[in-house]
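Encoded as C-alpha cells, the structure appears first; notes follow it.
The values are calculated or read from the model by the stated rules, or taken from the named source; none is laboratory data. All values reported here derive from a predicted model rather than from experimental measurement. Every residue, glycine among them, receives a Cβ derived from its backbone with ideal geometry; neighbour counts consider all protein chains shown.
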Amino acid sequence: MKRHAAEFIGTFALVFAGTGALVVNQTSNGAISHVGIALTFGLVVLAMIYAVGDISGAHLNPAVTLGFCAARRMPWADALPYIASQCLGAFAASGVLRGLFPQMPAHLGATLPTGTVAQAFVFEVIMTLLLMFVILRVSTGANEKGITAGIAVGAVITLEALFGGPISGASMNPARSLAPAVVSGQLNSLWIYIAAPILGALLAVPLCRCVCVEEHCCDAGRAAPDK
C-alpha cells in the first residue's frame with residue numbers, strides 16, 4: 001500500500017503542478033511562459049523522485065511502469081495497482097484544478113496536437129522512448145532514489161517539453177493526459193497520448209539491451225524489487 005500511496009501522491013503532484021502551470025499561464029496572460037511550464041514539469045518530477053523514489057520508484061507514469069515490466073525489473077502483477085494509483089492521483093489533481101478554475105482555462109492542461117496527428121504521434125513515441133531509455137540507464141531497478149536518476153530524468157523531461165511541447169504537448173504520460181482530457185471533456189486526440197507513450201516506452205527496452213554491458217540487463221535474470 002505504501003508504494004501505491006507514493007505513486008498516487010507523486011502523480012498528483014506532477015499533474016497539479018504541471019497542468020496547473022498551463023492553467024495559470026493562460027489565466028495570467030503568459031506570466032509563466034513556455035520555458036517556465038517545461039521547467040515546472042521537469043522540477044516536479046525531479047522532486048518526486050527524491051521524495052518517493054525509494055518507496056515506489058516514482059514512476060508517476062503508466063508507460064514507465066509498463067516499460068519496467070517489459071524490462072523485467074518489476075513483476076507484471078504490480079502493473080495494474082501502480083497504474084490505478086497513478087490515474088487516481090492524476091484525476092484527483094485535475095478535479096482540484098477544475099474546482100479552482102471552473103471555467104477550465106487551457107482545458108485544464110489537456111494535451112492537444114498543434115501539428116498534424118502524425119507529427120504528434122511520432123513526437124510522443126520518440127520522446128517517450130528517449131525518456132524511458134534514460135530512466136532504464138540511470139536506474140538500478142524499479143525503485144530508485146539517487147542524485148543521478150533525479151537530475152537526469154528531470155532534465156530530459158524539461159528538454160523534451162521545451163522542444164516537443166509546441167507540437168504535441170510533450171505528454172509522454174497517459175495518466176497526465178487522460179485526467180485533464182476527461183475532466184475537461186477534450187477527448188478528440190486522447191488516443192494519441194495513450195498509445196504513443198506506451199509504444200515508445202516498450203521500444204526503449206530493446207534499445208537499452210543494445211547498449212547495456214551488464215549480463216542481465218532488462219531480462220529475467222535481473223532481480224525484481226523487494227515488496
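Any chance you could count how many residues in the range 28-53 are among the hydroxyl-bearing types (Ser, Thr, Tyr) and either within 21 Å of residue 91 (Cα to Cα) or surrounded by 20 or more Cβ atoms within 10 Å (Cβ to Cβ) (or both)? Don't jump to the end; show me each part of the working.
Going residue by residue through the range 28-53, those that are among the hydroxyl-bearing types (Ser, Thr, Tyr) are 28, 33, 40, 50.
Still in the list and also either within 21 Å of residue 91 (Cα to Cα) or surrounded by 20 or more Cβ atoms within 10 Å (Cβ to Cβ) (or both): 40.
Counting residues in the range 28-53 that are among the hydroxyl-bearing types (Ser, Thr, Tyr) and either within 21 Å of residue 91 (Cα to Cα) or surrounded by 20 or more Cβ atoms within 10 Å (Cβ to Cβ) (or both) gives 1.
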If you scan the range 107-138, which residues turn out to be small (Gly, Ala, Ser) and crowded, with 19+ Cβ neighbours inside 10 Å?
109, 110, 120
Does the range 4-22 contain at least one residue that is without any contact (Cβ under 8 Å) to a residue 24 or more places away in the chain and of a type in the set (Val, Ile, Thr)?
no
Taking into account only those residues within the range 1-22 that are surrounded by 22 or more Cβ atoms within 10 Å (Cβ to Cβ) and among the β-branched types (Val, Ile, Thr), which is farthest from residue 87 (Cα to Cα)?
19
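Look through 63, 6 and report the one residue that is within 19 Å of residue 139 (Cα to Cα), touching a Pro at 6+ places or on another chain (Cβ under 6 Å), at pLDDT 95 or above and assigned to a helix (DSSP H, G or I). Outline the logic, then answer.
On the way: 6 fails: touching a Pro at 6+ places or on another chain (Cβ under 6 Å).
Just one listed residue meets the conditions, 63.
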Return the pairs, sorted by first residue and then second, in which the second residue is surrounded by fewer than 24 Cβ atoms within 10 Å (Cβ to Cβ) and basic (Lys, Arg), the first residue lies in the range 162-187 and is within 19 Å of residue 102 (Cα to Cα) and in contact (Cβ under 8 Å) with a residue 24 or more places away in the chain, the beta carbons are less than 8 Å apart, and the residues are 6+ apart or on different chains.
183/98; 184/98
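Out of 93, 106, which single residue is among the small types (Gly, Ala, Ser) and more than 30 Å from residue 69 (Cα to Cα)? Steps first, answer last, please.
Working: 93 fails: more than 30 Å from residue 69 (Cα to Cα).
Residue meeting the stated conditions: 106.
Kindly indicate the residue of the range 54-64 that is over 17 Å from residue 124 (Cβ atoms) and either among the aliphatic types (A, V, I, L, M) or within 14 Å of the chain's Cα centre (by Cα) (or both) and also surrounded by the fewest Cβ atoms within 10 Å (Cβ to Cβ) among those meeting that condition. Walk me through it before giving the result.
Taking the range 54-64 first, the residues over 17 Å from residue 124 (Cβ atoms) are 54-59.
Next, from what is left, pick out any that are either among the aliphatic types (A, V, I, L, M) or within 14 Å of the chain's Cα centre (by Cα) (or both): 55, 57-59.
Numbers: 55: 17, 57: 28, 58: 31, 59: 33.
Among those that are over 17 Å from residue 124 (Cβ atoms) and either among the aliphatic types (A, V, I, L, M) or within 14 Å of the chain's Cα centre (by Cα) (or both), it is 55.
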